[in-house]
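The values are calculated or read from the model by the stated rules, or taken from the named source; none is laboratory data. Since the structure is predicted, the reported quantities are computational estimates derived from the model, not experimental observations. Cβ placement follows ideal geometry from the backbone for every residue including glycine, while neighbour counts extend to all protein chains displayed. When the accessible area is computed, the model is the full protein with side chains, heavy atoms only, and any ligands, DNA or RNA have been set aside. Shrake-Rupley method; radii C 1.70, N 1.55, O 1.52, S 1.80 Å.
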2 protein chains.
Amino acid sequence: MALRKMAAKAVKTSKKAARKPTSTATGKPVRKVVAVAKRKAVPKKRTKAAAQPHPTQIVKSWLRRFDKSLKACDAEAAANLFGAESYWRDLVSFTWNIKTVEGREQIADLLKATLESVKPSNWQVQGEASKGGGLVEAWISFETEMARGYGHLRLKDGKAWTLLTTMTELKGHEEPSGTRRNMGADHGAHANRKNWLERRKEEEARLGYDEQPYVMIVGGGQGGLGLGARLRRLGVPTIIVEMNERPGDSWRKRYKSLSLHDPVWYDHMPYLPFPDHWPVFSPKDKIGDWLEMYAKVMELNYWGSTECKHASYDEDKKEWTVEVVRNGEPVTLRPKHLVLATGQASFANMPSYPGMEIFKGEQQHSSQHTGPDAYAGKKVIVIGSNNSSHDICGALYEAGADVTMVQRSSTHVVKSNTLMDIGLSALYSEKAIKNGIDHHKADLIFASLPYKVLPAVQVPLYEQMKKKDEDFYKRLEKAGFMLDWGDDGSGLFMKYLRRGSGYYIDVGASELVADGKVKLKSGVSVKEIKEHSVVFSDRSELAADLIVYATGYSSMNGWAAKLISQEVADKVGKVWGLGSGTTKDPGPWEGELRNMWKPTQQEALWFHGGNLHQSRHYSQFLSLQLKARMEGIKTPVYGMTPAYHLS
Amino acid sequence: MALRKMAAKAVKTSKKAARKPTSTATGKPVRKVVAVAKRKAVPKKRTKAAAQPHPTQIVKSWLRRFDKSLKACDAEAAANLFGAESYWRDLVSFTWNIKTVEGREQIADLLKATLESVKPSNWQVQGEASKGGGLVEAWISFETEMARGYGHLRLKDGKAWTLLTTMTELKGHEEPSGTRRNMGADHGAHANRKNWLERRKEEEARLGYDEQPYVMIVGGGQGGLGLGARLRRLGVPTIIVEMNERPGDSWRKRYKSLSLHDPVWYDHMPYLPFPDHWPVFSPKDKIGDWLEMYAKVMELNYWGSTECKHASYDEDKKEWTVEVVRNGEPVTLRPKHLVLATGQASFANMPSYPGMEIFKGEQQHSSQHTGPDAYAGKKVIVIGSNNSSHDICGALYEAGADVTMVQRSSTHVVKSNTLMDIGLSALYSEKAIKNGIDHHKADLIFASLPYKVLPAVQVPLYEQMKKKDEDFYKRLEKAGFMLDWGDDGSGLFMKYLRRGSGYYIDVGASELVADGKVKLKSGVSVKEIKEHSVVFSDRSELAADLIVYATGYSSMNGWAAKLISQEVADKVGKVWGLGSGTTKDPGPWEGELRNMWKPTQQEALWFHGGNLHQSRHYSQFLSLQLKARMEGIKTPVYGMTPAYHLS
């Protein structure tokens, strides 16, 4: 009921906002989000007209009552400060987990389990609270026994609707930044002094051999590198292993025309944002170069050309034994923690069709496709109709290939510029920066909106997008392309969160499909492969020199199966998805992404990744969880969910 | 007279400030500088008590009168808005030069020469003006016909005391940053599309061969790289040539223990500041790595392992012919402009003593000294007593060498931490950042204080430093070390500006001298070298296995002599120095650093460099002068000074 109300309100507010067609990726009506950042400080004086307390006073009063009940260990009283529909999202600070609880009962349960060890205190408003759309909102800070925290609060009719609490740093283990930074030059005289380079080289020679890393990260893409940088600053000895030789190769080796589909303001790495002339959509090789230098200047222990062969956990020693082959040489690593940062677009999903083994032409998964240059004048069939397929089909067309896309089921398509403007610009854009929202703030605003609420506020956004590009969609459908907007009309980001697939951010290939330049067979599947052709379920047959299976990727616990064991992979279960009960995201409802950035059912095994924004933001919380364990800080995990699905 | 008054006032104010022993590198009493950044906006209402106009109103009124006289082309009227003692420092916007004029007459002359072509307008106060120490100060902006500008104004008794005008960008040729940034991904479909990497590789293959660069920079250290980055963003085709192989090698190849002596907040490169955990004093190899990645991610056309053999200017074609050898292969480049960014610590100054040719041990200039490791137990004599000497002596002592420093004349010594705290922290520190002064602002505050005024405000700072480290200096002098504080007590930065030498920023070696661990022969010079020893002017003799000549570097026009011709070097004259009439800085007074970052007497020949702050800030103005010429914008240079000294 509440959701429909919210959606209705959202629709109403966003219709008003339609003249300024910008909203957040969360779909939050412009006014709400912009309000958080943009509102000028409301003067503290009470106006004569209405004796309304200032929003900041309202929040302070709520925080005082919250603090009082927490100090009294009165979970029920604290929960009663929340509305009937309410959400508390905690990133590590209370739960040592990535966890959302819903409603008073779950909130009380969280508090009963955590209050005693967490000992929260010192709740403060940061800056001024703001008011609008029926909500009072504020940024807040707090402390726990072991840590400092920052968060966000939304009150509706005096009760909490959403509360976000995040851990920012561990007391006594703060990152050496700003005033805490290292001096560098060792002033004074020391006999037999070693300089920085010598110490670095010694570390590189020692770590993994004479000294074991505390953490080992499998995968040296942006996820592994960003997490590595966080851990380095926290003083956690870490090795990142990567199959490719150089950092950035996982981008370099992709198909020629690839650029990021997320705009630059969304994509910054931790600690080192791109300079302000960086292109909006980074070409793959430019990102490759950036990642290569990042690994270097952030002093990461990066083992390229290193393949992870096998890992097993020793329950007694509480450590992993990991066999790797580094530049052809076998090495055994014994980290305390193993992080799989192998990427979502990593474990290829290859279909199996009768006749594949007799096909005389070339066949490859999209991840093996290096580009169109060899296929001018050739017949190419691309199975699949989502992101990779479109990019590859577009490039093949440009290179003069005769290309057909085969679409079995519908795809959600949105134009890149439209998504950037309507979907992201309130939080990640030059305009956002002008409004005082840098990517740090944007990440937190985004994190403050529970996944449960997200679809309802996305829907009006996508209705805007549908209207804006009405003509485009008509032409696409006229060409036979099967479109969808997500099961519930909530669009791209929800599809991404629920299933990590099923969409295309259009950077030009859809025009080719609409114009018939990229041919399309839709509503069919592959029946069998013959020596020189593909036969479809409608009995039609097409000749092919190359078949590209743009058939996606599977759950990251496939890597756990491959590297560790099927048993561990099954114990951990499916990685990603919310449990929404929509296509490819079976319930029950998790409330958070399965197994991401938090403890899993396999002790000391973690998964890191996501898009550049998620990798950046959630590396903060994963690094704190690992650092805490290294320092022997107690980390009682609240609210782990069982593995309901194997993959 | 005025200077003594200012100095007296400065002394008075800084005695007050002595309790908070912090001042700027300019020596501006804390109150003044902090005031610029820190003062809260004074409410606009007039107080009942005094009918004093608000400082912002005062500035606005002054700007209105200034604008009026400028629009009326009334140079005298405009000059009369300045005090009898007054300074106008212009960085390019009016003069297409780096130029300071002093007093009403010179100011009127500047205006008469420039008003008609510059057409200044739209003078605005930026933010609120502030008041204190007898001054009203404000940040200002303005426009000219071709450009936009930013600056600073100090009024004393209603008249201008200092005015700074700087060019920020050329209209129509703004850098592609923020909202103007490149899209990156080329959306839409293009037959035979080339991706970013292909276009970059094509550019690298073409530039210098099929296509000539507009600018060629000799020297790929931080100066050349930073200027290169500015030019890249401005779309000026540029090649940077460097003798060493990799960017950063000029740092890597220095002696082992070298770190930067300027703290990190002072050292940022343009567009890409160091992350906030970067050590305060960067070890040489860390800087080397940073510069290497900088060259890469800023897409600079960097030719390493390239030696510049000869350059000559073709007056008719208005271009240079430069012979280089690139990786052993001769290449001829024909840039329109040649920039020497070879570094101040670059053209070694080797002395010539009788007997050098018969010495049986090792001899080297400090720039050739790679480190102390080979000299444990050996006898080393280091000639010279400034920065390089101290660093080298300290490292040799730590490695177990028997080292003697030979000091011929006095050295100015200041402890690194003391200099950082008292000299720099108000502008370049965490504290400054907290006060809202980032390095961009700090650069401009620094630039706003004329060199003429600088010594008088530095003196009290150094008196503070002398007092703070009184004991240290006593011990040093007791050991026989000859100390100075600059000719007029104005300390390190003035010595640096006047002569680029004669000081040591102590990071530990002075303790070794004070303790006698590094032996000292002071007040002598070298008389002759024998087979195994050095004979001094006091007839004493010391055995030596290694002699290091830490005898400094000479004027950068030595590079012009070497690469181009003695004639051109003489035409250009001495590079660096202010013409203060102090030791090694003969008059007449220039008011600016000779030949740096501005047109020289040799057409299309420029010098770039300075410390990391100067390289960063002045690369902005040099890049704009080059861009303007490339775009065919008229650049009438006002106020070039003749070359009074050859070197």
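Remarks
- Computed with every protein chain present, the accessible area of A:Ser533 is close to 10 Å² [probe 1.4 Å].
- Net +/- balance of residues flanking B:Tyr473 in space, Cβ distance below 13 Å, scoring K and R +1, D and E -1: -1
- Taking a ≥ b ≥ c as the square roots of the eigenvalues of the Cα gyration tensor, an a/c ratio of 1.5 or more together with a/b no larger than b/c marks chain A as oblate.
- Whole-Å distance, taken between Cα centres, linking the stretch B:560-601 and the stretch A:295-329: 57 Å
- Projecting the alpha carbon convex hull of the stretch A:98-189 along each direction and taking the average yields 8.9 nm².
- 15 Å beta-carbon shell around A:His268, net charge (K/R +1, D/E -1): -2
- Plainly put, the stretch A:182-278 has a radius of gyration that is 1.06 times its Kirkwood radius, both from alpha-carbon atoms, as the Rg/Rh ratio.
- Total charge dipole magnitude, the stretch B:551-647, about the Cα centre, Cβ charges on Lys, Arg, Asp, Glu only, Debye to nearest 20: 180 debye
- For the stretch B:324-428, share of DSSP beta bridges that run antiparallel, in % to the nearest 5: 40 percent
- Other protein chain Cβ atoms within 10 Å, averaged over every residue that makes up B:195-207: 3
- Only protein atoms count toward the accessible area here, which uses a 1.4 Å probe; on the protein assembly as shown, the carbon and sulfur part of that area reaches 50 percent.
- Across peptide A:268-274, the average count of Cβ atoms from other chains found within 10 Å of a residue's Cβ is 3.
- Beyond 17 Å, the tail of the calculated P(r) for the stretch B:405-469 holds 54 percent of the Cα pairs.
- Position B:Ile358, label points 7 Å along Cα→Cβ, spacing to each other copy in nm (shortest first, one decimal): 9.7
- A simple count of charges around A:Asn97, restricted to other residues whose Cβ falls under 13 Å of its Cβ and scoring Lys, Arg +1 and Asp, Glu -1, yields +1.
- Sequence-distant residues sharing a close amide H with B:Asn301 (under 5 Å, placed H): B:Ile240
- Compactness of the stretch B:533-635, expressed as Rg and Dmax over alpha-carbon positions, Å: 19.0, 64
- Rg/Rh for the stretch A:432-509, where both radii come from Cα atoms and Rh is the Kirkwood radius: 1.03
- Shielding by partners - mean other protein chain Cβ count within 10 Å, residues of B:530-538: 0
- Percent of Cα-Cα distances greater than 24 Å, calculated over the stretch A:257-402: 56 percent
- Solvent-accessible area of A:Lys194 with every protein chain in place, 1.4 Å probe, in Å² to the nearest 10: 100 Å²
- Comparing A:Tyr255, A:Tyr397, B:Leu624 along the charge dipole axis of the protein assembly as shown, the residue lying farthest to the positive side is B:Leu624, per the Cβ-charge model.
- For the axis carrying chain B to chain A: nearest C-beta residue of B, whole Å: B:Met293, 2
- Looking at the protein assembly as shown, the DSSP beta bridges with both ends there are about 55 percent antiparallel.
- Amide hydrogen proximity for A:Gly577: with H placed 1.01 Å from N in the peptide plane, the residues at 5 or more positions away or on another chain lying under 5 Å are A:Arg594.
- Site-free segments of chain A were taken between chymotrypsin sites (Phe, Trp or Tyr not before Pro) in DSSP loops having at most 16 other Cβ atoms within 10 Å, sites themselves excluded; the longest one is A:210-588.
- Count of lysine pairs in the stretch B:453-526 with Cα separation under 16 Å (8 or more residues apart, or interchain): 5
- Percent of Cα pairs exceeding the 60 Å cut-off, where the set is the protein assembly as shown: 21 percent
- Accessible surface buried by the B/A pair amounts to about 4900 Å², both sides summed, 1.4 Å probe.
- Estimated D of the stretch B:230-278 in µm² per second, where Rh is the Kirkwood radius over Cα pairs and Stokes-Einstein applies at 37 °C, 0.692 mPa s: 240 µm²/s
- Given charges at beta-carbon only (K, R positive; D, E negative), |dipole| of the protein assembly as shown in Debye: 6120 debye
- log10 of Debye I(q)/I(0), alpha-carbon scatterers only, for the stretch B:489-594 at 0.19 Å⁻¹: -1.07
- Under the Debye formula (equal points on every Cα, no solvent term), log10 I(q)/I(0) of the stretch B:568-612 at q = 0.18 Å⁻¹: -0.54
- For chain A, the solvent-accessible area of protein heavy atoms averages 39 Å² per residue (probe radius 1.4 Å; ligands and nucleic acids excluded).
- Karplus-derived 3J(HN,Hα) values for the stretch B:247-256, using 6.51 cos²θ - 1.76 cosθ + 1.60 with θ = phi - 60°, are x, x, 4, 4, 8, 4, 7, 7, 5, 3 Hz; glycine and proline are entered as x.
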